[in-house]
Structure formats: C-alpha cells, structure tokens
Amino acid sequence: MLNMNGLIKLGKAKSQEWINKGFIIANNAAERMLYKDNLILSDKSAYDVVCEKGLMSLKRYHPLQEDAIVVDGESVPVSSEKKKIPLVFVPPLGATAQIFDLMPTRSLVRYYLARGYDCYLIDWGDPDRSHAGLTFEDYVTEWMPAAIESVQELTGQKEFSLFGYCMGGLFCLLYAAWSKNPDLRNLVTVASPIDVRQVGPAGQLLNVMHHASKVLSRVNNTPLKSMVRPEHLHVPGRLVALSFKLTNPLGSLISYWDLLTALSDREALSEHTTMSNWFEDMADYPGGMIQEIISKLAVGNQFAQGRVRINGGTASFSDIKANLMSFAGDNDKIVGIRAARHLLDVVGSQDKSFYVVPGGHAGVFGGSSASQFAWAMSADWLDERSN
C-alpha cells in the first residue's frame, strides 16, 4: 500500500530539486547574457610581450609550474627536459590567436610547454579601416623577421621552428621562401590552403575567374590588384565570423542547442562560451590582404605554382629546405585535403610529410580530438628534430 506521507516528501524533494536547478539555469543564463567575459577561459596562460612592431606583438610564455597538466581529460606530464630549439606559433588573420591558448584544458601552448618547448606566439593585433593597406609584405617581410630576431636574441639560439595554422601556415611558407633563412629548422602547417582550385565547385569557379581576370586586365591595361582600392575591400570582423559560420550552418544551429543544454552546468557553459567566442569575436580582414588573396591565392594560384611575387621579387617554395610536416582535416569544408596536400609538390624540403587527421577547419586544430592527433603527432615529430 502506498505511503502517502512518503509520496508527499518525495514530491517536495523533487520540487525543491527542480526549483534549485531552475535558479542555477537562470543565474547561468543571466551571467552568459550580461557578464559573458567572466565565462571565457582563453588567453589565460602567463606570458610576457617581448617584441612589438606595428600591430604585431610577440608573446613569450612562462614555463609551467605543475608536474602534470590535463588536456581534454588526459594527464600530460610536464617534461623536465627542455628542448634546445624554440617554437614560434603563427596564427591566421580574422580568427584570433586565442585558438592557440583556447582554455586551460585545451591549450596548444600549454601542451607544448609541457613537452618541454620554449613557446612564442605572434599576435597580429586588431586592425581597423585605417590598416586597410596591409599586405603580405607587412606581415612576412616586416613583422615576422622582427619577431624571429627577438626570439633569437632572447634565447641565444639561432635555429628555430615555426608552427602555422591556416593563413598562418601560408605566412610561415612565404617567410621561409622569401628570407631563405638557414636557421629555420622545422616548419609545421595545419589546414593551410595551397592549391585552392582543388576544392570542387569553388575551384571550378576560380578557374573561370582566372581566365576572366586576364581578359579584364588586358582590356583595361591595369593589373587586377589595382582595379579596386584596399579600403573598399576591408572586411569587418563580424562578416568574417558570419562567413565562417555559413560554411557549416547546421553546426551553428547545433551550437545554439548545445548552449541551452549547458546552462545547468557552469563548467560546460564556460567551455561552450569560450569556443563560441572564438568563432564570433573575429578581427577585421585588411582590404590589402583581401586584394592579395584574390590576386595571388585565388585567381593567380601562385601558391600552387610555388612561386609568389612579394616585395618586388619572387619567393620560390623550392628554396624552402626546412623539415616540413603538414596536416589537413578529413572534414574540412574550407581547406580540402587536395588543396593542402599540394604543398609537398612545391617545397624543396627533403624531410617532408603530410597527414590527414580527424576534424573540420577549426576542429583539426582546436577540437576535442586535436590533442590526440595534430598536437601529439607534431610534438613527437618535432621532438626528434629540436635538439
């Protein structure tokens, strides 16, 4: 026979549990709306700014004090053996450098610090319309050399390694080809587009654009790059973020659902807010760089040819001699596997390798499985080449 008093007590307990959960959800939702910055976990690792030039700044990260760190649920011991060759991370434009130090439990910087590396991160800053004229020359022939010289002075070590994500990988390749710096020992690229015509329908469209632009240039007797002023091509960060989301509209909808389900768990809410902030809080894309991408990467396809015009000369990828490791994501809708793999055909490196690993364009570098694949594989590879 049912115990009525017991049922009443159980009902009251459940009601109180629901009320408490409702308060938690309401408080978390209010914090998410009003004080979102309190929930963002990125860019928390300790560092010093050791070089500044133009918009660029260079961060040098402090060694870890822990004996071990947690990376996506796995314990990673902090190595007592320090690598001789410093490592410089190079981010893309648009997407901020936060992806390298996304959150304490998913930070490429912390992972490599644990592996014993002296880690540096170039930050390209926050350009506005007054910086519309910035081009590859500014990033590759002015700012990167300044950052690398600072690393060499601080460490007393001439040799160094570069690690670039997406456009950051292109900056690394251009720097290597343009400078012919013999001190560049190792180079890692992740999701960097080389042959952009190998991307299905978009590639076919670029082929059409290439032929049309040649005709247009001849008719107007004007190079394609000079037809539109850089300030008219400057792209605000909010549009950069929107274009990124449009490559995976279903993923954006799922993200909103994930937000709702995370409201009852502050830790889960912090992780979701941090990741979504990286997608939403993107920097402006300078108009001069848009010009360069259209004329050199998209229409001219110079990267696929391995010869890029820069700073009044030509940077030849056949002059790149550094050890090279390159990755592509198996589900990358922005930089396909064939677009990235072509790199091996144009560089002069003898020690070169290419791997396809799980993930889309962001996931391959900063997703929950990135530490098991791109991070671990690149660290193991660099370990053999950094002493």
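Each reported figure results from applying straightforward, stated rules to the coordinates on display, with no laboratory input. Here the structure is a predicted model, which is why all the values come from computation and not from measurement. No Cβ is skipped: glycine too gets one built from the backbone with ideal geometry, and neighbour counts run over all protein chains shown.
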Residue exposure sequence - Leu154, Leu343 - by fewest surrounding Cβ within 10 Å: Leu154, Leu343
Residues His131, His232, sorted so that the one with the fewest Cβ neighbours within 10 Å comes first: His232, His131
Mean Cβ count within 10 Å, highest first, over the residues of peptides 324-333, 161-170: 161-170, 324-333
Extended-chain gain in nm, criterion 0.36 nm per residue less alpha-carbon gap, Val78 and Lys333: 88.3 nm
Translational D in µm²/s for region 45-195 (Stokes-Einstein at 10 °C, 1.306 mPa s, Kirkwood Rh from C-alpha pairs): 100 µm²/s
Estimated distance in nm for a label pair at Lys180 and Arg307, the labels positioned 7 Å out from Cα along Cα-to-Cβ: 1.6 nm
Two-site label geometry, Val356 and Gln65: point separation in nm, points 7 Å out along Cα→Cβ: 4.6 nm
Gain in span if fully extended, Ser130 to Arg385, counting 0.36 nm per residue against the direct Cα distance: 87.6 nm
Sorted by Cβ density within 10 Å, fewest first, the residues Ile334, Ile99: Ile334, Ile99
FRET efficiency, 1/(1 + (r/R0)^6) with R0 51 Å, evaluated for Asp319 and Asn38 via beta carbons: 0.55
At most 10 other Cβ within 10 Å, DSSP loop - GluC sites (Glu not before Pro), region 39-83: Glu81
Among the listed pairs Lys53/Lys321; Lys53/Lys83; Lys59/Lys352; Lys180/Lys352, those beyond 23 Å (Cα-Cα): Lys53/Lys321; Lys53/Lys83; Lys59/Lys352
Residue-count net charge about Ser371 - beta-carbon cut-off 15 Å; Lys, Arg +1, Asp, Glu -1: -2
Local electrostatic count at Ser353 - Lys and Arg +1, Asp and Glu -1, tallied over other residues with Cβ under 14 Å: -1
